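> Can you keep this structure in mind? I'll have questions shortly.
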Amino acid sequence: MEITSNEEIALLFEKQKSFFDAQQTKSYNFRIQQLKQLKRLIKENESLIYEALYLDLKKNKDEAFFTEISILKSEISYHLKNLKKWMRLQSVSTPITLWPSKSYIQNEPLGVSLIISPWNYPFQLALAPLIGAISSGCCAIIKPSEKSKNTSNLIANLISKYFDASYISVVLGQAETAQYLLSKPFDFIFFTGNPIVGKIVMQAAAQNLTPCVLELGGKSPCIVDEDANLEIAAKRIVWGKWMNNGQTCIAPDYIFIHEDIKETFIQNLIKYIKIFYSDKPENSNFYGRIIDEQAFARLNDLIIHSNVVFGGNTNASQKFMEPTVICSEINDKIMEQEIFGPILPLISFSIIEDCTKYINQNPKPLAMYYFGKESIGKDLSMICSSGGFCINDVLIHVANQNLPLGGVGNSGLGKYHGKESFNVFSNSKAVMISPTFIDIPMKYIPYKGIEFIKKWIIK
């Protein structure tokens, strides 16, 4: 991977500042054309995107389409359809005390933005925030992950081919490159990663009072209750947990399983693991790989110290780790950190209040899932705080542009997707227009008429 020098970054930053100051990005036609250009970039290079994702993560082409390409295309289409409406001045009422002034809200772009993206969905999570940046009228510098080097290199090549670097550009490098980027006075920072690095990003942003969105992660819980449809629950959990080899920030991290159905549920999990990935997942075209040796070693250590009831086989040279189910307790080592891999702990419960108590005593998760009665699920969504919540399914909320995606507390700060992406890269400016044909005297010293206002208007 070619590393972008600090001198090149500084020059890019100044060029983007000048480009934004030229006001070109603010017009509706410019934004629409750039959104279409981004869609063209994806459409014309799908085969290259699939190849890069396979090299980095052994990601299946169909899964790559479903989890990376289709989400981006749908998001762009949604912005193309709604952008004119979002850009309109929003009239709001004005209190009678301020008559005859008029008021409205004007959404203006924040300016030059920095997007730092992760390796697990390296194409989608680099370009999804960019859609919001384009839609809102911002410029953007993207720093993709150095771990997914094939996809990052491809993103850099494609962005340079389809966009003016003074408007959108890609910077490549290691952690030191990201640190240098964070020292620049960007107008907005969008970071996707883990809470540890998120704190570093927020500290750096504070030095320039730069607003930021932190899309983080955490241990997303899933509760399978005694009256759940075990076939459907197992099928959907296997699909969501082992997609991308478990390297998904909103994947179920662990399962609270009712003790009366635990054994039956385990058998259903095993059945669907074999249906989806065969008896030999290592040879399956639908089963990916761990991103690198460091991640593999961390996950392998978790398996070694766990009570494995299914799976557990590994191949370090191939970064292969079999879908693994373990029986666990809440005090086990595996419950101390986000797993972010193909290991699924099952924790027995008899009283659901024990589950909610544990969830509420720990950092707020990015997502939470419940399988059972809809009424109970709705109650749990009120009791437990999380970035997102699904009843009788997992992951699918991320594919609805009408729903915001983001965490709460330790799992993140700020939301995006759909209109939220437009909003988060924009400043909602308050604007008032006061005519000069009349000038209300009571607002001036010595405030004649103030008693009338106190008595009859402001109560």
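> Which condition number does ILE445 fail, the rest of (1) in contact (Cβ under 8 Å) with a residue 24 or more places away in the chain; (2) of a type outside the set (S, T, N, Q); (3) not assigned by TED's automatic domain parsing to the domain that holds ILE134 being met?
(1)
> Go through the stretch 333-388 and count every residue that is within 24 Å of the chain's Cα centre (by Cα) and among the acidic types (Asp, Glu).
Total meeting the criteria: 2.
> When you scan the stretch 242-252, do you find a residue that is part of a helix (DSSP H, G or I) and loosely packed, with under 15 Cβ neighbours inside 10 Å, even just one?
no
> Answer yes or no: is there a residue in the stretch 408-430 that is under 30 Å from LYS235 (Cα atoms), of a type in the set (A, V, I, L, M) and either surrounded by 16 or more Cβ atoms within 10 Å (Cβ to Cβ) or at pLDDT 95 or above (or both).
Scanning the stretch 408-430, I find at least one residue that is under 30 Å from LYS235 (Cα atoms), of a type in the set (A, V, I, L, M) and either surrounded by 16 or more Cβ atoms within 10 Å (Cβ to Cβ) or at pLDDT 95 or above (or both), so the answer is yes.
> May I pose another question? Does ALA175 satisfy the condition of being of a type outside the set (Val, Ile, Thr) and buried (at least 17 other Cβ atoms within 10 Å of the Cβ)?
Criteria not met by ALA175.
> Right, something else. For the stretch 363-396, give me each residue that is outside any loop (DSSP other than H, G, I, E, B), of a type outside the set (Phe, Trp, Tyr) and in contact (Cβ under 8 Å) with a residue 60 or more places away in the chain.
ALA367, MET368, ILE376, LEU380, GLY388 - these are the residues of the stretch 363-396 that are outside any loop (DSSP other than H, G, I, E, B), of a type outside the set (Phe, Trp, Tyr) and in contact (Cβ under 8 Å) with a residue 60 or more places away in the chain.
> Let me ask you something else. Got a number for residues in the stretch 130-178 being in a helix (DSSP H, G or I) and farther than 19 Å from ILE200 by Cα?
21
> Right, another one. Looking at the stretch 125-161 only, could you name the residues that are under 19 Å from LYS419 (Cβ atoms) and either modelled with pLDDT under 95 or not hydrophobic (A, V, I, L, M, F, W, C) (or both)?
Matches in the stretch 125-161: PRO129, GLY132, SER135, SER136, GLY137.
> Let me ask something else. Can you find even one residue in the stretch 411-432 that is assigned to a loop (DSSP other than H, G, I, E, B) and free of Cβ contacts under 8 Å to residues at least 60 places away in the same chain?
The answer is no; no qualifying residue exists.
> Then there is this: Would you check if there is a residue in the stretch 28-38 being closer than 18 Å to TYR121 by Cα, modelled with pLDDT of 95 or more and in the same structural domain as PRO185 (by TED's automatic domain parsing)?
yes
> Sticking with this one: For residues in the stretch 126-163 being polar (S, T, N, Q) and crowded, with 20+ Cβ neighbours inside 10 Å, which is nearest to HIS79 (Cα to Cα)?
SER135
> Just wondering, is there one or more residues in the stretch 378-389 that are at pLDDT 95 or above, closer than 23 Å to ALA126 by Cβ and in contact with a Lys or Arg (Cβ under 9 Å, 6 or more places away or on another chain)?
Scanning the stretch 378-389, I find at least one residue that is at pLDDT 95 or above, closer than 23 Å to ALA126 by Cβ and in contact with a Lys or Arg (Cβ under 9 Å, 6 or more places away or on another chain), so the answer is yes.
Residue by residue, here is whether (1) part of a helix (DSSP H, G or I); (2) of a type in the set (Asp, Glu); (3) in contact (Cβ under 8 Å) with a residue 60 or more places away in the chain holds:
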position: ILE255; (1), (2), (3): no, no, yes
position: ILE261; (1), (2), (3): yes, no, no
position: THR264; (1), (2), (3): yes, no, no
position: LEU269; (1), (2), (3): yes, no, yes
position: ILE275; (1), (2), (3): yes, no, no
position: ASP279; (1), (2), (3): no, yes, no
position: GLY288; (1), (2), (3): no, no, yes
position: GLN294; (1), (2), (3): yes, no, no
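> Further question on the same structure: Looking at the stretch 310-324 only, could you name the residues that are surrounded by 15 or more Cβ atoms within 10 Å (Cβ to Cβ) and assigned to a strand (DSSP E or B)?
Of everything in the stretch 310-324, those that are surrounded by 15 or more Cβ atoms within 10 Å (Cβ to Cβ) and assigned to a strand (DSSP E or B) turn out to be PHE310, THR314, PHE320, MET321, THR324.
> Given the criteria acidic (Asp, Glu), within 17 Å of SER148 (Cβ to Cβ), surrounded by 12 or more Cβ atoms within 10 Å (Cβ to Cβ) and assigned by TED's automatic domain parsing to the domain that holds ALA175, does GLU44 qualify?
no
> Scan the stretch 229-236 and tell me whether some residue there is surrounded by 23 or more Cβ atoms within 10 Å (Cβ to Cβ), part of a helix (DSSP H, G or I) and not assigned by TED's automatic domain parsing to the domain that holds LEU35.
Yes: the stretch 229-236 contains one or more residues that are surrounded by 23 or more Cβ atoms within 10 Å (Cβ to Cβ), part of a helix (DSSP H, G or I) and not assigned by TED's automatic domain parsing to the domain that holds LEU35.
> A further question follows. I'd like the residue in the stretch 1-18 that is over 16 Å from SER160 (Cα atoms) and touching a residue at least 40 places away in the same chain (Cβ under 8 Å) and, out of all such residues, is farthest from the chain's Cα centre (by Cα).
Out of the qualifying residues, it is SER18.
> Moving to a separate point now. Of these, LYS43, LYS81, LYS36, LYS59, which one is outside any helix (DSSP H, G or I) and within 23 Å of the chain's Cα centre (by Cα)?
Just one listed residue meets the conditions, LYS59.
> Same structure, new question: Could you figure out which of (1) loosely packed, with under 14 Cβ neighbours inside 10 Å; (2) closer than 25 Å to LYS357 by Cβ; (3) without any contact (Cβ under 8 Å) to a residue 40 or more places away in the chain isn't true of SER306?
Here SER306 clears every test but (1).
The values are calculated or read from the model by the stated rules, or taken from the named source; none is laboratory data. No experiment lies behind these values; they were computed from the predicted model shown. We place every Cβ from the backbone using ideal geometry, glycine too, and count neighbours over all the protein chains shown.
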